[in-house]
Amino acid sequence: MTDPILDVHDLSVSFDTYEGRHDVLNGVNFTINEGETVALVGETGCGKSVTARSVMGTLPRPPGDITSGKIRYHGDNLLADEDAHEQVKGDQMSMIFQDPMTYLSPVYPVGSMMADVATYSGRKDVSSWEILKSFLGHRENAEEIRERSIELLDRMRIPDPEGTLDRYPVELSGGMRQRVIIAMALINEPEFLIADEPTTALDVTVQDQILDLLRERVTEQNLSMLYITHNLGVAREIADRICIMYAGEIVEVGRTEEIFDAPLHPYTRGLLDSIPKLTGFEGSGIDGQIPDYTNPPSGCRFHPRCPAVMRGTCDMEPVEHYAVGEDRTVACHLYEDGMEFEEAAAIAADEATYDNEEPQPAEAGVRSKQ
Amino acid sequence: MGYRDYLIKRGLSTIPMFLGLSVLIFTLARVIPGRPARLALGPRATDEAVQQLREQMGLNDPIWQQYIEYMRGLLQGDLGQSLISGRNVATDLLEYFPATFELTTLAMLIAIVVGVPLGVIAGQHKDKWPDNASRLFSFFNVSLPPFWAGILLQLFIAFQLGWLPATGRIGDVSPVPVETTGLLLVDSTLAANSAAFISAAQHLILPAITLSLAPVADIARMTRSSFIEEYDKDYVEGLRTHGIPNRLIAYKYVLRKSFASTLTIIGLDYGFLLGSAFVVEIVFSWPGMASYGVEAILQKDINAMVGVTLVVGAAFLIVNFVVDILYGFFDPRVWHEGESE
Amino acid sequence: MSDTEPTTSDASTSTLARQLEDLDRVVYRFRQNPMSVIGLGIILAFILIAIFAPWIAPYPSDAGYAGEPAVHYDQKFEPPSAEHLFGTDQAGRDVFSRVLFGTQLSLKIGAVVLAAAVSIGVPIGLAAGYFGGRIGMVLMRITDVFLSVPPLVLALSVSVALEPSLTNAMLAIGAVWWPWYARLTYGEVLSVKKETYVEASRGVGASSVRTIFRDILPNVLAPITVKMSLDMGYAILVASALGFLGLGAQPPTPEWGTMVSQGRDYLPAQWWYSTFPGLAIFLIVLGFNFLGDGLRDMFDVEVQ
């Protein structure tokens, strides 16, 4: 296989607030290969969006601060060269967001915003004259851009694409707006797309349609994608590989089917248990909350909530990524580096039965105190 | 609801406001304490003379009948006779209104042209020195009594430095511009009379600046706060993510939305400006409607004062109507969402 | 506000402690804003001047202290000097003394105007908001009509029917100022009404009057106080404008606006005559604006 398109290496980000310094990302590592879709899965507040914004170069700084790490795009470290980052951001990378209601300017027809993205993306500055021209809707290749927009909206299965271009966001439903946002993100034919929970705010039926559309784009345009979600079910539908994130760290990486067949990390197991099965609501697979970032737990950050916690190890020794079999890493003291996958899966299965025997997961910490 | 429906609905709602306004002004002027004829003639007039004038002005009729008479006259362009000029008040107002309109409109233009960029700059540098300086400047501006600010400008710019004339509307120029609109800048342009244009402009500058001081401050503060609020919105992040240059985001997207809030302040400030015009016109001996109104009050010329107040109130209503029209343009949601707003 | 039922003494002491803590934070917020401290200083200085004017002023009799203002035609139009800090006017009176005495008038004007405006506007707003329905609509429509004319212009059209005097000017301004308070109170009442406890006290049969005084009035107090402090300066400005136009206090009353107007006849040669009274207006209005802004931050309320 060739070099990965994106290689995030040891990325650490802190936020300075009046409460103190929050170490929101703590040495995040992952890669995305060409044409591959990788899902970043974790609870709200685990640092998924911060990761995405760091990659995109739109992290607000201050209060955010990238304290270490590299973000290599086709091998070039974007953190070392802001100009290159700006360039890439406009041309090759793009991003779609969670809430379609707020990510479109309410005061222009959607076509105007799309045309600006098509025309000015990646430009350093514009003259007052160009601002005026853009305001009045004049631009050199207006016809070509309009055609391109219509074609994209059509591919997004938007009925009456031409009319839609002249409508204001308030005239469109949430699902339609999200399609417009995706079309806008694709108008400059990027090769890499970040999707930050693009279906979360939508109805379940609309969610499926959006996922179908994204999958279609990925195959047709050979897009590489980083898909962020808190929902493993959604990740299963879209991703080739899954990175599980907890409290600013990646805790497990693996192929989608492997993660589902044999989750290794206790946190992954908890997440799988909490996939909504019938109710549509999230179950309560894991107790407790994401820890306080100003003073994270020692050792493994997950140990206060972990059903398989080992006193004296998990709360003391920092945890590293262990390669387990091929294409699989897990950050958990239950495993050892270089372990065979089968062996690890056996340990995990053992732990899982143990979990199930526990009558009350709320007292998960009890075992270690014995 | 379409834009047109919104405009019609908004326009129709102005009519009852105007009727209410006319009732209010009419009542205030006749009822408190209700002796206009006596006031007009002065304490030494005989009772017969007062009685005669009351009869002549229709003051012996019940107040609602007087009002209906007045409104009937208003529809025909008759606002009653002025005691000072002896002419119909409508004729007087037609003569004086353009001077006031020219002055207040120019003042408002200055206020917008200065205030909006000031607000944007303050918003972009929130809590840094440009913001603090603009804040202090605004406080000074709104605290200045307009008549005193005018006098200071006269003292320094006109008397001390001699750069601009202190009083009046136009100097000795020949030929005098032909009156078409009554707005000297427009008339002299139409007549291609550059001497008159320059003189009129020179006379306009000081009073217009004086009037614009407080609105500049209001507009700057309003623009600043709505700009900051708007810059925090998600779609701004979206645009930045797509690598759109900051200036395009600030001036095409953010400013347009935040200008809608600024517009409402402009509407209110126009009323404030019409009020200040009463003192500023006196300071600069500006031959406008406000000077006429002050004279009317001092001479107890009730018809003239009712006419002036009515025109000011109507102008204020019209300006706010125009503001709403523009608001609909800058923020289309008001007419999309319709009644729910 | 969850502390409607302080059942135990424990709860009430903790409420008190919390209130003290709140006060602490409020004072802190006020002091964080340097302008508001300056504003407070300016206003305190003017209040002291107003009280002690007869003792501070070098020539109290020139300002009409204990009798008609004195005249000294032999000293007319003396420029500012150590003897006459702000110079003298056309009757040889000390402008400095007259400006000091004018402070009393200005503060009085502001206070009277606002008292009038509040005592008309607040009951109307309370009634409109509390009863709602048709009564509320009619009251607020009337309020809107008043608001559709600029206050100064409306005050002028009231004063056309009155003899020009300081009292009448205050009356005229007060009579046109109340709609702002009516609207502010109305809005506050509506939002307070939405909170459940008023509903609850209505449910158990509390009378309307009691509900208004117990539950609603205390809640609208903060925004009204802030609005009053912000308006104080503006009311003084409008009153001085009436004085300037000859519709307020009549000469030789040492009212600032009237003095500026008198001095205008002698520009530019006797520049001091108009300049110093105007400066006084500017300073006191600035003080109230600074102070009002600080209070707004402090109570964290929106008033327009």
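The values are calculated or read from the model by the stated rules, or taken from the named source; none is laboratory data. Here the structure is a predicted model, which is why all the values come from computation and not from measurement. As a convention, Cβ positions derive from the backbone with ideal geometry for all residues, glycine included, and neighbour counts pool all protein chains shown. For accessibility, only protein heavy atoms count, side chains too; no ligands or nucleic acids. Shrake-Rupley method; radii C 1.70, N 1.55, O 1.52, S 1.80 Å.
The table that follows gives values for the structure above.
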item	result
Pick from segment B:284-305, criterion modelled with pLDDT of 85 or more and open to solvent by 10 Å² or more (accessible area, probe 1.4 Å), ranking: farthest from the other protein chains (Cβ to nearest Cβ)	B:Pro287
Filter result for the condition that a residue is within 17 Å of the chain's Cα centre (by Cα) and open to solvent by 30 Å² or more (accessible area, probe 1.4 Å), over C:Thr225, C:Thr253	C:Thr225
Sole residue being among the aliphatic types (A, V, I, L, M), over 26 Å from B:Phe18 (Cα atoms) and modelled with pLDDT of 85 or more, chosen from B:Val236, B:Val308	B:Val236
Residue identified as part of a loop (DSSP other than H, G, I, E, B) and modelled with pLDDT under 85 among A:Thr119, A:Thr44, A:Thr67	A:Thr44
Only listed residue being open to solvent by less than 20 Å² (accessible area, probe 1.4 Å), of a type outside the set (D, E, K, R), within 13 Å of chain B (Cβ to nearest Cβ) and not in a helix (DSSP H, G or I), chosen from A:Ile194, A:Ile228, A:Ile182	A:Ile194
Test set (1) touching a residue at least 12 places away in the same chain (Cβ under 8 Å); (2) open to solvent by 70 Å² or more (accessible area, probe 1.4 Å); (3) facing chain B (nearest Cβ under 7 Å) - A:Asp125 fails condition number	(1)
Filter pass, B:Glu69 being open to solvent by 50 Å² or more (accessible area, probe 1.4 Å) and touching a Gly at 6+ places or on another chain (Cβ under 7 Å)	yes
Residue match in segment A:241-251 (condition: over 30 Å from A:Gly299 (Cβ atoms), away from chain B (no Cβ under 14 Å), acidic (Asp, Glu) and open to solvent by 10 Å² or more (accessible area, probe 1.4 Å))	no
The listed residue being in contact (Cβ under 8 Å) with a residue 24 or more places away in the chain, buried (at least 19 other Cβ atoms within 10 Å of the Cβ), β-branched (Val, Ile, Thr) and at the interface with chain B (Cβ under 9 Å from one of its Cβ atoms), out of A:Val117, A:Val110	A:Val117
Scope segment A:73-101; condition in a helix (DSSP H, G or I), in contact (Cβ under 8 Å) with a residue 12 or more places away in the chain and within 14 Å of chain B (Cβ to nearest Cβ); matching residues	A:Leu78, A:Glu82, A:His85, A:Glu86, A:Gln87, A:Val88, A:Lys89, A:Gly90, A:Asp91
Looking only at segment B:247-259, and only at residues there that are in contact with a Ser or Thr (Cβ under 8 Å, 6 or more places away or on another chain) and open to solvent by less than 10 Å² (accessible area, probe 1.4 Å), the one that is farthest from the other protein chains (Cβ to nearest Cβ)	B:Ser258
Pick from segment A:153-173, criterion within 14 Å of another protein chain (Cβ to nearest Cβ) and open to solvent by less than 40 Å² (accessible area, probe 1.4 Å), ranking: farthest from A:Gly111 (Cα to Cα)	A:Leu172
Test: residue in segment C:277-293 that is of a type in the set (Asp, Glu), more than 10 Å from chain B (Cβ to nearest Cβ), within 19 Å of the chain's Cα centre (by Cα) and within 20 Å of C:Gly39 (Cβ to Cβ)	no
Qualifying positions in segment A:128-143 - at the interface with chain B (Cβ under 9 Å from one of its Cβ atoms) and surrounded by 15 or more Cβ atoms within 10 Å (Cβ to Cβ)	A:Glu130, A:Ile131, A:Ser134, A:Phe135
Residues satisfying the stated conditions in segment C:51-83, i.e. charged (D, E, K, R) and crowded, with 17+ Cβ neighbours inside 10 Å	C:Asp62, C:Glu78
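So that you can scan it fast, the table gives a plain yes or no per residue for (1) in contact with a His (Cβ under 8 Å, 6 or more places away or on another chain); (2) open to solvent by 10 Å² or more (accessible area, probe 1.4 Å); (3) away from chain A (no Cβ under 14 Å):
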| position | (1), (2), (3) |
| --- | --- |
| B:Val173 | no, yes, yes |
| B:Leu184 | no, yes, yes |
| B:Ala208 | no, no, yes |
| B:Thr223 | no, no, yes |
| B:Gly238 | no, no, no |
| B:Thr241 | no, no, no |
